[in-house]
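The structure appears below as structure tokens.
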Amino acid sequence: MSGHCNRLSKAEMERTYETEVKLKLMSSGAKTNVEHPEPKPQDRGKWGSKTEFLLAAAGHIVGLGNVWRFPYLCYKNGGGVFFVPYILFLFTCGIPLFFLETSLGQYTSQGGITCWRKICPLFEGLGYGSQVVVLYTGVYYIIILAWAFLYLFSSFSLELPWASCKNSWNTDNCFEPGQNSTISDYSHGNTTSSVIEFWERRILGLSGGIEEIGSVRWDLALCLLLSWIICYFCVWKGVKSTGKVVYFTATFPYAMLLVLLVRGLTLPGAIDGIKFYLYPDPARLADPQVWMDAGSQIFYSYGVCTGVLTSLGSYNKYNNNCYRDCVYLCLLNSVTSFVAGFAIFSVLGFMAYEQGIDISMVAESGPGLVFIAYPRAVAMMPVPQLWAIFFYIMILLLGLDSQFVYHEAVVTAISDMYPSFFHVGHLRKKLLLLGISVCSFLVGLLMVTEGGLYVFQLFDYYACSGMTLLVFASLQAVCVGWCYGAERLYDNIEDMIGYRPWPFMKYCWMYITPVICIGTLVFSLVKYTPLKFNNTYEYPWWGYAIGGFFTLSSTLLVPFWMLYKMSVTAGSLRQRMNVLTSPAEDLPKPMSQKEALNPSEVFQMFTELCTLRTPNQTPTVASSQLSAAPAQTVPSNTLNLEN
């Protein structure tokens, strides 16, 4: 009977256990093996592994711009010296913003809109504006996939259709790529390459202007539909399906790039092409346009200021080392761009060698490289069908994973705004994705008409304007660096990964990044010129009005939202500013921000332990038991995390 009285009750045992846990966590800076309980505002899913996140992020940032834009900009802006402004923008804007958005998503576990609502409600308009940009991008970017599908299907023929002038769409002025042609042919347009006629007359059916929108090219429309079907099923189960698809879509393009690189380097004239690609011209550094091109390439190729990285990061585990991931991903992106230049310019050097012309006559960027210059070079190679198939498979996969990540980000942003509605089962999110896909497809039909290329250029030039991204980048840096606090975010990051990142990032958010972005924005406004199609065709006034709407519809959401929130929030101006710049209370708090226990509370804990213990039976908490303890038995506000 007396032995029974000496035993502790179950409730007393549990209370003793919890008290010892608290005391153990308070020692040694609270660095333990206890895993930080992840914030779970709702069941929104996680990546199956770190690899899935890395591949999805790599698929998003490594896209068509690495192949068709960076090599040309490098050649155009002084070869090797272009890396000076490029690397400067990379370390002062690219990597800091990439890290900011990814870590913000991981910390808040929210998409591209609600993450800003959580840390600083005044800047929630940044989320809305960025999602408008993503919607615009998703509508027009997929058109490139439709073109690439049609080229891929056309490559499965005994003779490449763009390699000859024997087709129904060819004109009397057509000449074949292998024929000798003089520079005057290129300069004065006396003749037209069969490659250009295939692109303009067979693929596009190009009209004389946006006023002549013409009819839908139904073969392109079917390719567009195929692209949307593939994208839909890549993301229809959220990160569960996206995380599996990227194992193929993000890795196979590297195999294709390697094959094309080896083939290109073995062609005659390849060395001359590489010299044009990298030959340094230091005098070009004095041209402000070179610096503008370097900055714009960083913003385009790193996918910042669109909320996509925030959405991808939000599916990470709370203790994932996002700092290391971001540095590796950024380096991978830049190295891919550099290597792609060798693959592209070796082939362009071969084409210039075969035709006996200067490489400047064949070097192009954008769609002109993918659908005119490279097909022309492929037509001169042995077994051209094989290299055409490899090339367009690479283009499709590079574009595909960027495309479906855009839509994953939009669905994430919307569903996080209404979690009680969209996070109940999966059907509602699938219907949301279906609705976005169908509407985007219908709008995209405008760009597969005979005047569709003119509409495409409007989207490309205005909807995803570099000026819009620069405005968003500046505001993001100000919001995090000054309103939320760079030091506070560093505390959050330390709580997630176990150590503080290089302080340079913090100073970039506060000073360097906004100054560079604002300076670049001012320069781009001063140097602004209206869009001209092929540098010759001028759009009608209403065409420029549509372009202006694309730009302003996203950019103005930020100040409009600020004015709206200020008008509906109660209190004086100071009180409203305090409310709208204060983070949400339910965000995870690092140990440095948690309320420390005072000495009286510590004494009370020891007293509880002493009164509950008996000489014969003393419950102990071993380190192994502590590390295996269920997370739910430990109050979340007593834990810290070490990666």
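Every read-out reported here was derived from the displayed coordinates using simple, explicitly stated rules and does not represent laboratory data. A quick note: this is a predicted structure, and the numbers were derived from the prediction, not measured. Here Cβ is always computed from backbone atoms with ideal geometry, including for glycine, and neighbour counts include all displayed protein chains.
Observations, loosely collected:
- Ordering 325, 287 from the fewest to the most neighbouring beta carbons within 10 Å gives 287, 325.
- Think of the stretch 50-568 as a dipole: +1 on every Lys or Arg Cβ, -1 on every Asp or Glu Cβ, centred on the Cα centre; then among 443, 546, 53, 53 lies furthest on the positive end.
- Remark: the stretch 401-409, residue by residue, has Karplus-estimated 3J(HN,Hα) of 5, 5, 5, 6, 5, 4, 6, 4, 5 Hz, where x stands for each Gly or Pro and the curve is 6.51 cos²θ - 1.76 cosθ + 1.60 at θ = phi - 60°.
- Estimated at 0.36 nm per residue, the fully extended path between residue 171 and residue 248 surpasses their Cα-Cα distance by 23.6 nm.
- The charge dipole of the stretch 50-568, taken about its Cα centre with unit charges on the Cβ of Lys, Arg, Asp and Glu (plus for the first two, minus for the last two), comes to roughly 1360 debye.
- For the stretch 167-305, the Cβ-based charge dipole about the Cα centre amounts to some 920 debye (Lys, Arg positive; Asp, Glu negative; other atoms uncharged).
- Under the Karplus curve 6.51 cos²θ - 1.76 cosθ + 1.60, θ = phi - 60°, whole-Hz ³J(HN,Hα) for the stretch 50-58, x wherever Gly or Pro sits: 4, 4, 4, 5, 4, 5, 5, 5, 5
- Database remark: amide H of residue 174 closer than 5 angstrom to the amide H of 192 (H placed geometrically; neighbours at sequence offset of 5 or more, or on other chains; Pro and chain starts carry no H).
- Listed by Cβ neighbour count within 10 Å, with the fewest neighbours leading, 172, 272 appear as 172, 272.
- Note on residue 507 and residue 335: the extension gain reaches 59.4 nm, defined as 0.36 nm multiplied by sequence separation minus the Cα-Cα distance.
- Sequence-separation-based contact order of the stretch 50-568, relative, with Cα cut under 8 Å and 6+ spacing, percent: 33 percent
- Here the stretch 50-568 was treated as a single set of alpha-carbon atoms; its pair distances binned every 10 Å from 0 give 4, 19, 30, 28, 14, 5, 1, 0 percent.
- Full-stretch length increase - residue 552, residue 523 - with 0.36 nm per residue and alpha-carbon distance subtracted: 8.6 nm
- The simple spin-label model puts a point 7 Å past each Cα toward its Cβ; for residue 421 and residue 500 those points are separated by 4.3 nm.
- For the stretch 256-295 versus the stretch 55-106, the gap between their alpha-carbon centres in whole angstrom: 16 Å
- In sequence order, calculated HN-Hα J values of the stretch 190-203 (Karplus, 6.51, -1.76, 1.60; Hz; x Gly/Pro): 5, 10, 10, 5, 4, 5, 5, 5, 4, 5, 7, 9, 8, 6
- Spin-label model distance (nm) - residue 286 vs residue 569, 7 Å beyond Cα toward Cβ: 5.0 nm
- For the stretch 451-567, a simple Cβ point-charge model (Lys and Arg +1, Asp and Glu -1, everything else neutral) yields a dipole of about 180 debye relative to the Cα centre.
- Taking 468, 551 and counting other C-beta atoms within 10 Å, the order from fewest to most: 551, 468
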